[in-house]
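Asker: Dropping the structure in here first, questions after.
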Amino acid sequence: MSRKLFGTDGVRGTANIFPMTVEMAVMIGAAAGRYFRNEHGGVHRVVIGKDTRLSGYMFENALTAGLTSTGMNVLLLGPVPTPAVGLLTPSMRADLGIMISASHNPADDNGIKFFGPDGFKLSDEAEAEIEALIDEGVRPADAGNIGRAQRIDDGRFRYQERVKGSFPTGMRLDGMKIVIDCANGAAYRAAPEVLWELGAEVIAVGVTPNGKNINDNCGSTKPQSAAETVVAHGADLGICLDGDADRVIIIDENGKVADGDQIMALMAARWAEENRLAKGTLVATVMSNLGLERFLQGRGLNLVRTGVGDRYVVESMRQNGFNLGGEQSGHIVMTDYATTGDGLMAGLQFLAEMVRTNSKASELTQSFEPVPQLLKNVRFETGQTPLEVAAVKASIADAEAQLTGKGRLLIRKSGTEPLIRVMAECEDEGLLEQVVDGIVAEIASSAA
């Protein structure tokens, strides 16, 4: 069953432009409500969280209208991280969890992410069935069976206690100075409070959301400001989250940035030493650096690669019994503790290793030497199909031939933005730039 609305992580786009319109949000809410009422008997509940985007108010109300029209009772959490919705959906015995967020995207974008009653993101098949219900039209509930909506004031605090519960018992952060960059997003209160309650001296940045400044020159995609703050304050490290706090990037005491691959390498090696790494395997995507794969192989560990998107990482983990996975972009998934990527939890795991080994951050963020990797994005207009153009295909084929035995090439269409992502890895940096720039130029020409 095909999906038109849903991308790699729910429905996403610019607010007030299809598909992220009020009218569509009402229909999505009604279809999701009808789907879960059909699937489950008894009382029907849905929890809704959101990040700090101005349009979140609009979509929160629209989704609530659609859901209650089908008889779903709506529990509104307010601004909370995406992983909080994953955790609270099963603990509050809800049929469905919804997070209103466009993650690391600019403030004008927004999105709708779905979690099932088990707290895990919905499968492609479930999303396709919800789309089919939208196309068919949804019959509303009888007047006497319309659902209710209510605010839940303690959702954030429940989440914070669960996060602290993932930190080793009896361990503290006393004496540590930590910069936390919350990207003016969903964790702007939760993350600084958790670190402070565990004993750290906290320097918080990106904690003044105004509805329009989420991810604006801050957070995991723009860590420069946080890196400067770490150096200026002599902090032990920096933790950068994205707008919905399901990603993390670590900054060492010198202001150097470490991506998700380095964090996963550290955790996989440590968990393996403790016999905690299920089946000796880490799950990552096709974007993860070849250096990570070599690092794991050198320790007798396995790397399983999936398509891009933390949901596909989680699907592989659940299907095969693995417990650690993630993405180079900073999604770190630990199914022993959470149902989706959790930037704050991953940051605490890194801090725990610093405390346990009495090491500086810089000593733990360079587990392997990355193979030179180059990623460039090319924007295209809606309706264009640049990857189907003959000249683009020829350019890609030529690049693959040049990289044979020397590296690898990955070309993909973004599932969240109108972008073609061109990524290559190669020890020969001159060849690396040549093949990537050649493909980018050809795509840009075809999309002009």
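Asker: To the nearest 0.05, how large is the calculated FRET efficiency for Glu273 and Glu161 if R₀ is 22 Å and r is the Cβ-Cβ distance?
Answerer: Efficiency at R0 = 22 Å is approximately 0.20.
Asker: Now a separate question. First obtain the Kirkwood hydrodynamic radius of region 89-168 from its Cα pairs, then insert it into the Stokes-Einstein equation at 25 °C and 0.890 mPa s, and state the resulting D in µm² per second as a whole number. Don't skip to the end; give the middle numbers.
Answerer: Details: Rh = 15.7 Å.
Taking Rh from Cα pairs, D becomes 156 µm²/s.
Asker: Any idea which of Val378, Ser359, Gly415 is furthest toward the positive side of the dipole for region 333-421, if Lys and Arg beta-carbons carry +1 and Asp and Glu beta-carbons -1?
Answerer: Val378
Asker: Here's another thing I want to ask about it. Give a residue-ordered list of calculated ³J(HN,Hα) values for region 10-17 (Karplus: 6.51 cos²θ - 1.76 cosθ + 1.60, θ = phi - 60°; whole Hz; x for Gly, Pro).
Answerer: x, 9, 8, x, 6, 4, 6, 10
Asker: Once the piece of chain linking Glu429 and Asp398 is laid out straight, how much longer is it, given 0.36 nm per residue of separation minus the C-alpha distance between them?
Answerer: On the way: separation 31, 0.36 × 31 = 11.16 nm, distance 1.71 nm.
Contour length minus the Cα-Cα distance gives 9.5 nm.
Asker: I've got another one for you. Over region 43-154, with every protein chain in place, what whole percent of the accessible area is carbon and sulfur at 1.4 Å, could you tell me?
Answerer: Numbers: 1900 of 3970 Å².
Within region 43-154, the accessible surface is 48 percent carbon and sulfur.
Asker: Let me ask you something else. Can you pull the semi-axes for region 164-216, root of five times each eigenvalue of the Cα gyration tensor, sorted largest first, whole Å?
Answerer: On the way: eigenvalues 118, 25, 9 Å².
So the three semi-axes of region 164-216 are 24, 11, 7 Å.
Asker: If you don't mind, there's one more thing I want to ask. Over the chain, what is the mean sequence separation of C-alpha contacts under 8 Å (at least six apart), divided by residue count, expressed as relative contact order in percent?
Answerer: That works out to 13 percent.
Asker: When the dipole is taken about the Cα centre of region 282-381, and only Lys, Arg (+1) and Asp, Glu (-1) are charged at their Cβ, what size is it in debye, to the nearest 20? Numbers along the way, then the final one.
Answerer: Working: 9 positive and 10 negative charges, 31 e Å.
Dipole size: approximately 140 debye.
Asker: Dimensions of region 218-270 along principal axes (Cα, Å, largest first)?
Answerer: 32, 24, 11
Asker: May I ask you to derive the FRET efficiency for Ser362 and Leu410 from their Cβ-Cβ distance with R0 = 22 Å, giving the value to the nearest 0.05? Walk me through the numbers before you get to the answer.
Answerer: Numbers: r = 30 Å, r/R0 = 1.34.
Working from the Cβ atoms, E equals 0.15.
Asker: Express in nm, to one decimal, how much length is gained between Ile17 and Glu228 on full extension, taking 0.36 nm for each residue of separation and deducting their alpha carbon distance. Could the numbers behind the result be given before it?
Answerer: On the way: separation 211, 0.36 × 211 = 75.96 nm, distance 3.66 nm.
Result: 72.3 nm gained on full extension.
Asker: Once phi is turned into ³J(HN,Hα) by the Karplus curve 6.51 cos²θ - 1.76 cosθ + 1.60 with θ = phi - 60°, what whole-Hz value does each residue of region 271-288 show in order, with x for glycine and proline?
Answerer: With coefficients 6.51, -1.76 and 1.60, one gets 5, 5, 4, 8, 6, 9, 7, 4, 6, x, 10, 10, 9, 9, 9, 5, 7, 5 Hz.
Asker: Order the following by accessible area, largest value first: Met264, Met58, Met27. Probe radius 1.4 Å; ligands, DNA and RNA are ignored.
Answerer: The residues order as Met27, Met58, Met264, largest area first.
Asker: Using the basic label-point model (7 angstrom from Cα toward the beta carbon), what is the Arg172 to Glu136 distance in nanometres?
Answerer: The modelled label-to-label distance comes out at 5.9 nm.
Asker: Any chance you could run the full-extension gain for Ala448 through Leu54? It's 0.36 nm times the residue separation minus the Cα-Cα distance, nm to one decimal.
Answerer: Values: separation 394, 0.36 × 394 = 141.84 nm, distance 3.24 nm.
This chain segment gains 138.6 nm when fully extended.
Asker: Taking the full set of protein chains and a 1.4 angstrom probe, give the accessible area of Ile396 in square angstrom, rounded to the nearest 10.
Answerer: Ile396 has an accessible surface of roughly 30 Å² with all protein chains in place.
Asker: Taking all protein chains together and a probe of 1.4 Å, list Lys50, Lys279 from the most accessible to the least accessible.
Answerer: Working: Lys50 15, Lys279 140 Å².
Greatest to least solvent exposure: Lys279, Lys50.
Asker: May I ask you to give the percent of accessible area on region 158-232 that is carbon plus sulfur, with a probe radius of 1.4 Å?
Answerer: Details: 1530 of 3310 Å².
Its accessible area is 46 percent carbon and sulfur atoms.
Asker: Please list log₁₀ I(q)/I(0) at q = 0.11, 0.13, 0.16 Å⁻¹ for region 149-274, using the Debye equation with identical point scatterers on the alpha-carbon positions.
Answerer: Here the Debye-derived log intensity ratios amount to -0.39, -0.55, -0.82.
Asker: Summarise the long-distance tail of P(r) for region 118-160 by giving the % of C-alpha pairs beyond 14 Å. Before the final figure, lay out each step's value.
Answerer: Details: 657 of 903 pairs.
Within region 118-160, distances greater than 14 Å cover 73 percent of Cα pairs.
Asker: What percent do you get for the relative contact order of region 265-343 when only Cα pairs under 8 Å and 6+ apart count?
Answerer: On the way: 134 pairs, mean separation 22.6, N = 79.
That works out to 29 percent.
Asker: Which residue, chosen from Val248, Ala258, Ala204, occupies the Cα position most advanced towards the positive end of the dipole of region 159-292, where the dipole is computed from +1 (Lys, Arg) and -1 (Asp, Glu) charges on Cβ about the Cα centre?
Answerer: Value: Val248.
Asker: Expressed as a whole percent, how much of the Cα-Cα distance distribution for region 128-205 exceeds 19 Å?
Answerer: Values: 1779 of 3003 pairs.
The share of Cα pairs beyond 19 Å in region 128-205 comes to 59 percent.
Asker: Now for a different question. Per-residue accessible area for Thr8 at 1.4 Å probe radius, Å² rounded to 10?
Answerer: Its accessible surface works out to 40 Å², give or take rounding.
Asker: Still on this structure: Rounded to the nearest 20 Debye, what is the dipole magnitude of region 1-144 about its Cα centre when Lys and Arg each give +1 and Asp and Glu each give -1 at the C-beta? Each step should come with its number before you reach the end.
Answerer: Numbers: 12 positive and 17 negative charges, 64 e Å.
Here the size comes out at about 300 debye.
Asker: With +1 on the Cβ of every Lys and Arg and -1 on the Cβ of every Asp and Glu, and nothing else charged, how large is the dipole of the chain about its Cα centre, in debye rounded to the nearest 20? Write down the numbers at each step before the final one.
Answerer: Numbers: 43 positive and 58 negative charges, 189 e Å.
Dipole about the Cα centre, nearest 20: 920 debye.
Asker: Tell me, what is the per residue accessible area of the chain in Å², probe radius 1.4 Å? Show your work: numbers first, answer last.
Answerer: Details: 17910 Å² over 448 residues.
Per-residue value: 40 Å².
Asker: What FRET efficiency comes out for Asn145 versus Arg93 if R0 is 25 angstrom and r is the Cβ-Cβ distance? Round to the nearest 0.05.
Answerer: 0.85
Asker: Along each principal axis of its Cα atoms, how long is the chain end to end? Whole angstroms, biggest number first, please.
Answerer: 67, 61, 42
Asker: Divide, for region 1-147, the radius of gyration over alpha carbons by 2.2 N^0.38 Å, where N is the residue count.
Answerer: Working: Rg = 13.6 Å, N = 147, 2.2 N^0.38 = 14.7 Å.
Here the Cα radius of gyration is 0.93 times the empirical estimate.
Asker: If DNA, RNA and ligands are ignored and the probe is 1.4 Å, what is the ranking of Ser367, Ser166 by accessible area, most exposed first?
Answerer: Numbers: Ser367 40, Ser166 5 Å².
Per-residue accessible area, sorted high to low, gives Ser367, Ser166.
Asker: Right, here's the next one. For a quick check: with amide H placed at 1.01 Å from N, whose amide H comes under 5 Å from Gly415's, ignoring anything fewer than 5 positions away on the same chain?
Answerer: Thr8
Asker: Given the protein chains as shown and a 1.4 Å probe, how many square angstrom of Ser101 are accessible, to the nearest 10?
Answerer: We get 0 Å² for Ser101.
Asker: Right, another one. Would you mind calculating the relative contact order of region 67-159 from Cα pairs under 8 angstrom and at least 6 residues apart, reporting the percent as a whole number?
Answerer: Working: 123 pairs, mean separation 42.7, N = 93.
Dividing the mean separation by the residue count of region 67-159 yields 46 percent.
The values are calculated or read from the model by the stated rules, or taken from the named source; none is laboratory data. Predicted, not measured: the structure shown is a model, and the values here were computed from it. Positions of Cβ are generated from backbone atoms using ideal geometry, with glycine treated the same way; all protein chains shown enter the neighbour counts. Note: areas computed on protein heavy atoms with side chains; ligands, DNA, RNA excluded. Shrake-Rupley method; radii C 1.70, N 1.55, O 1.52, S 1.80 Å.
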